[in-house]
Protein chains: 2
Amino acid sequence: MLGNTYPNIVCSAARALEIVGERWSLLILRDSLFRGVTQFSEFQRSLGIATNILARRLEVFVENGLLDYVPARSGREPSAYVPTPKAMDLKPVIMALTQWGDRWMAPDGPPVSFHNRSTGAYARLRPVDEDAGDAVPLADIVARPAR
Amino acid sequence: MLGNTYPNIVCSAARALEIVGERWSLLILRDSLFRGVTQFSEFQRSLGIATNILARRLEVFVENGLLDYVPARSGREPSAYVPTPKAMDLKPVIMALTQWGDRWMAPDGPPVSFHNRSTGAYARLRPVDEDAGDAVPLADIVARPAR
(Lines give C-alpha, C1' and ligand atoms only; values in the text may rest on other atoms or scores of the structure.)
Protein backbone atom coordinates (compact mmCIF):
# COMPACT_ATOMS: atom_id res chain seq x y z
CA MET A 1 0.00 0.00 0.00
CA LEU A 2 1.97 2.96 1.33
CA GLY A 3 5.66 3.34 1.82
CA ASN A 4 7.16 4.76 4.99
CA THR A 5 7.31 8.32 3.73
CA TYR A 6 4.64 10.86 2.87
CA PRO A 7 5.59 13.37 0.29
CA ASN A 8 5.21 16.80 1.90
CA ILE A 9 3.69 15.40 5.06
CA VAL A 10 5.21 15.03 8.47
CA CYS A 11 2.85 13.40 10.88
CA SER A 12 3.82 12.34 14.36
CA ALA A 13 0.69 10.30 14.77
CA ALA A 14 1.49 8.26 11.69
CA ARG A 15 4.94 7.58 13.07
CA ALA A 16 3.46 6.37 16.32
CA LEU A 17 1.17 4.05 14.39
CA GLU A 18 4.16 2.41 12.76
CA ILE A 19 4.98 1.08 16.22
CA VAL A 20 1.63 0.31 17.81
CA GLY A 21 -0.47 -0.08 14.67
CA GLU A 22 -0.58 -3.85 14.72
CA ARG A 23 -2.84 -5.75 17.02
CA TRP A 24 -0.47 -8.23 18.62
CA SER A 25 1.95 -5.38 19.27
CA LEU A 26 -0.78 -3.46 21.00
CA LEU A 27 -1.84 -6.40 23.15
CA ILE A 28 1.74 -7.17 24.16
CA LEU A 29 2.28 -3.53 25.14
CA ARG A 30 -0.96 -3.47 27.08
CA ASP A 31 0.16 -6.45 29.14
CA SER A 32 3.58 -4.92 29.64
CA LEU A 33 2.45 -1.40 30.52
CA PHE A 34 -0.79 -1.95 32.44
CA ARG A 35 -0.34 -5.39 33.94
CA GLY A 36 3.34 -5.58 34.72
CA VAL A 37 3.93 -8.63 32.53
CA THR A 38 7.67 -9.07 31.91
CA GLN A 39 8.37 -12.72 31.11
CA PHE A 40 8.10 -14.45 27.77
CA SER A 41 6.02 -17.28 29.21
CA GLU A 42 3.65 -14.82 30.92
CA PHE A 43 2.97 -12.98 27.66
CA GLN A 44 2.37 -16.28 25.94
CA ARG A 45 -0.04 -17.51 28.59
CA SER A 46 -1.88 -14.22 28.78
CA LEU A 47 -2.34 -13.75 25.04
CA GLY A 48 -2.34 -17.27 23.61
CA ILE A 49 0.09 -15.99 20.99
CA ALA A 50 2.35 -18.20 18.84
CA THR A 51 5.94 -18.38 20.09
CA ASN A 52 7.51 -17.15 16.87
CA ILE A 53 5.18 -14.15 16.61
CA LEU A 54 5.76 -13.19 20.24
CA ALA A 55 9.54 -13.55 19.92
CA ARG A 56 9.61 -11.35 16.82
CA ARG A 57 7.42 -8.63 18.35
CA LEU A 58 9.51 -8.49 21.53
CA GLU A 59 12.67 -8.27 19.42
CA VAL A 60 11.24 -5.32 17.46
CA PHE A 61 10.25 -3.56 20.70
CA VAL A 62 13.79 -3.99 22.05
CA GLU A 63 15.25 -2.71 18.75
CA ASN A 64 12.98 0.36 18.92
CA GLY A 65 13.82 1.18 22.52
CA LEU A 66 10.42 0.29 23.96
CA LEU A 67 11.51 -2.71 26.03
CA ASP A 68 14.81 -3.43 27.76
CA TYR A 69 15.87 -7.06 27.73
CA VAL A 70 17.24 -8.16 31.10
CA PRO A 71 18.94 -11.58 30.89
CA ALA A 72 18.28 -14.33 33.42
CA ARG A 73 20.49 -14.27 36.51
CA SER A 74 21.99 -17.64 37.39
CA GLY A 75 18.70 -19.47 37.07
CA ARG A 76 17.10 -17.74 40.05
CA GLU A 77 15.46 -14.92 38.17
CA PRO A 78 14.14 -15.55 34.67
CA SER A 79 14.92 -13.12 31.84
CA ALA A 80 12.57 -10.16 31.58
CA TYR A 81 11.31 -7.53 29.15
CA VAL A 82 11.02 -4.22 31.01
CA PRO A 83 9.21 -1.19 29.52
CA THR A 84 11.25 1.99 28.94
CA PRO A 85 10.00 5.59 29.44
CA LYS A 86 9.36 5.72 25.68
CA ALA A 87 6.99 2.76 26.12
CA MET A 88 5.40 4.17 29.30
CA ASP A 89 4.46 7.25 27.29
CA LEU A 90 2.32 5.01 25.07
CA LYS A 91 -0.14 4.46 27.90
CA PRO A 92 -2.40 7.34 26.77
CA VAL A 93 -2.45 5.92 23.22
CA ILE A 94 -3.66 2.56 24.48
CA MET A 95 -6.16 4.19 26.85
CA ALA A 96 -7.56 6.39 24.07
CA LEU A 97 -7.92 3.46 21.66
CA THR A 98 -9.57 1.40 24.38
CA GLN A 99 -11.97 4.16 25.45
CA TRP A 100 -13.13 4.59 21.88
CA GLY A 101 -13.43 0.87 21.26
CA ASP A 102 -15.36 0.43 24.50
CA ARG A 103 -17.88 3.02 23.46
CA TRP A 104 -18.34 2.19 19.81
CA MET A 105 -17.13 -1.34 19.15
CA ALA A 106 -17.75 -3.45 22.25
CA PRO A 107 -21.33 -4.76 22.18
CA ASP A 108 -20.60 -7.10 25.08
CA GLY A 109 -19.23 -4.35 27.31
CA PRO A 110 -15.64 -3.25 27.88
CA PRO A 111 -13.13 -6.09 28.30
CA VAL A 112 -10.79 -4.15 30.59
CA SER A 113 -11.00 -1.02 32.71
CA PHE A 114 -8.26 1.37 33.81
CA HIS A 115 -7.67 2.29 37.43
CA ASN A 116 -5.49 4.37 39.68
CA ARG A 117 -3.38 1.71 41.36
CA SER A 118 -3.26 3.71 44.61
CA THR A 119 -6.94 4.57 45.00
CA GLY A 120 -8.67 1.98 42.81
CA ALA A 121 -10.70 4.79 41.16
CA TYR A 122 -11.44 4.55 37.45
CA ALA A 123 -8.90 6.47 35.38
CA ARG A 124 -9.58 8.02 32.01
CA LEU A 125 -8.14 10.53 29.56
CA ARG A 126 -9.51 14.03 29.49
CA PRO A 127 -8.58 16.85 27.11
CA VAL A 128 -7.49 19.91 29.10
CA ASP A 129 -6.03 23.37 28.58
CA GLU A 130 -2.32 22.83 29.02
CA ASP A 131 -1.84 25.82 31.33
CA ALA A 132 -5.09 26.22 33.26
CA GLY A 133 -5.84 22.49 33.43
CA ASP A 134 -9.54 23.08 32.69
CA ALA A 135 -11.40 20.44 30.70
CA VAL A 136 -11.89 21.34 27.01
CA PRO A 137 -14.91 19.99 25.10
CA LEU A 138 -13.74 17.73 22.27
CA ALA A 139 -15.66 19.81 19.74
CA ASP A 140 -13.53 22.86 20.63
CA ILE A 141 -10.17 21.27 19.89
CA VAL A 142 -8.52 22.25 16.61
CA ALA A 143 -5.11 21.54 15.09
CA ARG A 144 -2.74 24.12 13.63
CA PRO A 145 0.51 23.66 11.78
CA ALA A 146 3.25 24.17 14.38
CA ARG A 147 5.49 26.11 12.02
CA MET B 1 -0.73 -12.23 9.36
CA LEU B 2 -3.63 -12.15 11.80
CA GLY B 3 -7.29 -12.63 11.13
CA ASN B 4 -9.92 -10.35 12.58
CA THR B 5 -10.55 -12.47 15.65
CA TYR B 6 -8.43 -13.30 18.64
CA PRO B 7 -9.15 -16.63 20.22
CA ASN B 8 -10.07 -15.87 23.85
CA ILE B 9 -9.26 -12.21 23.54
CA VAL B 10 -11.62 -9.27 23.32
CA CYS B 11 -9.79 -6.04 22.94
CA SER B 12 -11.49 -2.74 22.28
CA ALA B 13 -8.24 -1.06 21.42
CA ALA B 14 -7.54 -3.59 18.69
CA ARG B 15 -10.97 -2.97 17.24
CA ALA B 16 -10.32 0.77 17.15
CA LEU B 17 -7.05 0.11 15.37
CA GLU B 18 -8.90 -1.70 12.61
CA ILE B 19 -10.39 1.68 11.75
CA VAL B 20 -7.60 4.17 12.36
CA GLY B 21 -4.63 1.84 12.07
CA GLU B 22 -3.62 2.91 8.59
CA ARG B 23 -1.80 6.11 7.95
CA TRP B 24 -3.87 7.67 5.18
CA SER B 25 -6.99 6.95 7.21
CA LEU B 26 -5.48 8.72 10.18
CA LEU B 27 -4.47 11.77 8.15
CA ILE B 28 -7.89 12.04 6.50
CA LEU B 29 -9.57 11.86 9.91
CA ARG B 30 -7.19 14.45 11.34
CA ASP B 31 -8.13 16.89 8.57
CA SER B 32 -11.81 16.11 9.03
CA LEU B 33 -11.89 16.30 12.83
CA PHE B 34 -9.37 19.01 13.67
CA ARG B 35 -9.40 21.22 10.59
CA GLY B 36 -12.99 21.09 9.43
CA VAL B 37 -12.12 19.70 6.00
CA THR B 38 -15.27 18.32 4.32
CA GLN B 39 -14.77 18.36 0.55
CA PHE B 40 -13.08 15.75 -1.58
CA SER B 41 -10.92 18.35 -3.33
CA GLU B 42 -9.86 19.88 0.01
CA PHE B 43 -8.67 16.51 1.35
CA GLN B 44 -6.80 15.92 -1.87
CA ARG B 45 -5.09 19.29 -1.80
CA SER B 46 -4.25 19.08 1.88
CA LEU B 47 -2.81 15.56 1.78
CA GLY B 48 -1.50 15.14 -1.76
CA ILE B 49 -3.25 11.77 -1.78
CA ALA B 50 -4.12 9.79 -4.93
CA THR B 51 -7.77 10.15 -5.99
CA ASN B 52 -8.54 6.43 -5.90
CA ILE B 53 -7.03 5.96 -2.42
CA LEU B 54 -8.91 8.97 -1.07
CA ALA B 55 -12.21 7.84 -2.62
CA ARG B 56 -11.84 4.37 -1.14
CA ARG B 57 -10.96 5.61 2.35
CA LEU B 58 -13.90 8.03 2.42
CA GLU B 59 -16.20 5.22 1.26
CA VAL B 60 -15.01 2.97 4.10
CA PHE B 61 -15.52 5.78 6.64
CA VAL B 62 -19.09 6.29 5.39
CA GLU B 63 -19.73 2.53 5.54
CA ASN B 64 -18.43 2.44 9.13
CA GLY B 65 -20.54 5.36 10.29
CA LEU B 66 -17.63 7.77 10.78
CA LEU B 67 -18.53 10.23 8.02
CA ASP B 68 -21.94 11.23 6.65
CA TYR B 69 -22.02 11.89 2.92
CA VAL B 70 -24.04 15.00 2.09
CA PRO B 71 -24.72 15.29 -1.66
CA ALA B 72 -24.22 18.56 -3.54
CA ARG B 73 -27.21 20.89 -3.54
CA SER B 74 -28.07 22.27 -6.98
CA GLY B 75 -24.52 23.25 -7.77
CA ARG B 76 -24.33 25.94 -5.12
CA GLU B 77 -22.93 23.83 -2.35
CA PRO B 78 -20.50 21.03 -3.18
CA SER B 79 -20.93 17.57 -1.68
CA ALA B 80 -19.41 17.10 1.76
CA TYR B 81 -18.14 14.44 4.15
CA VAL B 82 -19.25 15.40 7.65
CA PRO B 83 -17.86 13.65 10.77
CA THR B 84 -20.33 11.78 13.00
CA PRO B 85 -20.21 11.60 16.84
CA LYS B 86 -18.49 8.21 16.47
CA ALA B 87 -15.74 9.98 14.53
CA MET B 88 -15.59 12.96 16.91
CA ASP B 89 -14.85 10.51 19.69
CA LEU B 90 -11.66 9.54 17.86
CA LYS B 91 -10.13 12.93 18.62
CA PRO B 92 -8.41 11.67 21.79
CA VAL B 93 -6.93 8.74 19.85
CA ILE B 94 -5.39 11.09 17.31
CA MET B 95 -4.20 13.49 20.03
CA ALA B 96 -2.60 10.64 22.00
CA LEU B 97 -0.83 9.25 18.93
CA THR B 98 0.37 12.73 18.02
CA GLN B 99 1.58 13.59 21.53
CA TRP B 100 3.63 10.42 21.64
CA GLY B 101 5.00 10.90 18.13
CA ASP B 102 5.91 14.51 18.92
CA ARG B 103 7.91 13.47 21.92
CA TRP B 104 9.65 10.37 20.63
CA MET B 105 9.61 10.38 16.85
CA ALA B 106 9.74 13.99 15.62
CA PRO B 107 13.39 15.15 15.51
CA ASP B 108 12.38 18.30 13.62
CA GLY B 109 9.76 19.32 16.16
CA PRO B 110 6.02 18.68 16.19
CA PRO B 111 4.27 19.25 12.83
CA VAL B 112 0.94 20.29 14.35
CA SER B 113 -0.29 21.50 17.73
CA PHE B 114 -3.73 21.22 19.32
CA HIS B 115 -5.58 24.23 20.65
CA ASN B 116 -8.80 25.24 22.35
CA ARG B 117 -10.62 27.01 19.53
CA SER B 118 -12.19 29.49 21.96
CA THR B 119 -9.12 30.53 23.96
CA GLY B 120 -6.24 29.57 21.67
CA ALA B 121 -4.56 27.77 24.60
CA TYR B 122 -2.67 24.56 23.94
CA ALA B 123 -4.85 21.51 24.56
CA ARG B 124 -3.57 18.12 25.62
CA LEU B 125 -4.76 14.82 27.06
CA ARG B 126 -4.32 14.18 30.73
CA PRO B 127 -5.13 10.96 32.63
CA VAL B 128 -7.48 11.75 35.52
CA ASP B 129 -9.48 10.02 38.23
CA GLU B 130 -12.91 9.67 36.68
CA ASP B 131 -14.77 10.92 39.74
CA ALA B 132 -12.47 13.42 41.46
CA GLY B 133 -10.93 14.73 38.23
CA ASP B 134 -7.44 14.78 39.77
CA ALA B 135 -4.48 14.06 37.51
CA VAL B 136 -3.14 10.49 37.83
CA PRO B 137 0.55 9.80 37.15
CA LEU B 138 0.90 7.47 34.16
CA ALA B 139 2.93 5.03 36.24
CA ASP B 140 -0.03 4.53 38.59
CA ILE B 141 -2.51 3.46 35.92
CA VAL B 142 -3.25 -0.26 35.75
CA ALA B 143 -5.76 -2.32 33.75
CA ARG B 144 -8.10 -4.93 35.17
CA PRO B 145 -10.42 -7.33 33.40
CA ALA B 146 -13.85 -5.71 33.51
CA ARG B 147 -15.61 -9.00 34.20
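What's the total accessible area buried between chains A and B, using a 1.4 Å probe, rounded to the nearest 100 Å²? Provide the component values of the computation, followed by the final result.
On the way: alone 11210 and 11180 Å², together 14150 Å².
So the buried area, both faces added, is about 8200 Å².
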Can you tell me the relative contact order of chain A? Whole percent, Cα pairs under 8 Å, sequence separation 6 or more. 13 percent
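Taking only protein heavy atoms into account and a 1.4 Å probe, give the accessible area per residue of the range B:16-95 in Å². Don't skip to the answer; put the middle values down first.
Details: 3460 Å² over 80 residues.
About 43 Å² of surface per residue is accessible.
With the Cα gyration tensor of the range A:1-135 giving a ≥ b ≥ c as the square roots of its eigenvalues, does the rule (a/c under 1.5 for rounded; else a/b larger than b/c for prolate; else oblate) give rounded, prolate or oblate? Could you put the intermediate results ahead of the total?
Values: a/c = 1.62, a/b = 1.23, b/c = 1.31.
Cα axes put the range A:1-135 in the oblate bin.
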Rounded to the nearest 0.05, what FRET efficiency do B:Val60 and A:Thr51 give with R0 = 41 Å and r taken as the Cβ-Cβ distance? Could you check? 0.75
Name the residues whose placed amide hydrogens come within less than 5 Å of the amide hydrogen of B:Asp134, ignoring near sequence neighbours (fewer than 5 apart) on the same chain. B:Asp129
In debye to the nearest 20, the charge dipole size for the protein assembly as shown, taken about the Cα centre with +1 at each Lys and Arg Cβ and -1 at each Asp and Glu Cβ, equals 340 debye
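Share of the protein assembly as shown's accessible area from carbon and sulfur, percent, 1.4 Å? Spell out each step's value before the answer.
On the way: 7080 of 14150 Å².
After summing per-atom areas, the C and S share lands at 50 percent.
Is there a simple number for the mean count of other chain Cβ atoms within 10 Å of the Cβ of residues in A:55-61, and what is it? Please list the in-between numbers first.
On the way: counts 0, 0, 0, 0, 0, 0, 0.
Mean shielding by partner chains, rounded to a whole number: 0.
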10 Å Cβ neighbours from other chains, averaged over peptide A:18-31: 4
Under the convention of a label 7 Å out along Cα→Cβ, give the distances in nm from A:Ala146 to the same position in every other copy, shortest first. 3.3
Gyration tensor verdict on the range B:73-113 (Cα atoms; rounded if a/c is under 1.5, prolate if a/b is larger than b/c, oblate otherwise): oblate
Put a point 7 Å out from Cα along the line to Cβ at B:Glu130; what are the distances to that point in the other copies, in nm, shortest first? 2.9
Copies of B:Ala50 compared via label points 7 Å along Cα→Cβ give distances in nm, shortest first, of 3.0
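Which value at 222 nm does chain B reach when only helices count, each DSSP H run of 4 or more adding -39,500 (n - 2.57), with the total divided by all residues and rounded to the nearest 500 deg cm²/dmol? Show your work: numbers first, answer last.
Values: 6 runs with 61 residues, N = 147.
Only helices count here, giving -12000 deg cm²/dmol.
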By the Cα gyration tensor axes a ≥ b ≥ c (a/c under 1.5 gives rounded; else a/b larger than b/c gives prolate, otherwise oblate), the shape of the protein assembly as shown is prolate
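The values are calculated or read from the model by the stated rules, or taken from the named source; none is laboratory data. Because the structure is predicted, anything quoted here is derived from the model rather than measured. So basically every Cβ, Gly included, is an ideal-geometry build from the backbone, and we count neighbours across all protein chains shown. SASA here: full protein model, heavy atoms, side chains in, ligands and nucleic acids out. Shrake-Rupley method; radii C 1.70, N 1.55, O 1.52, S 1.80 Å.
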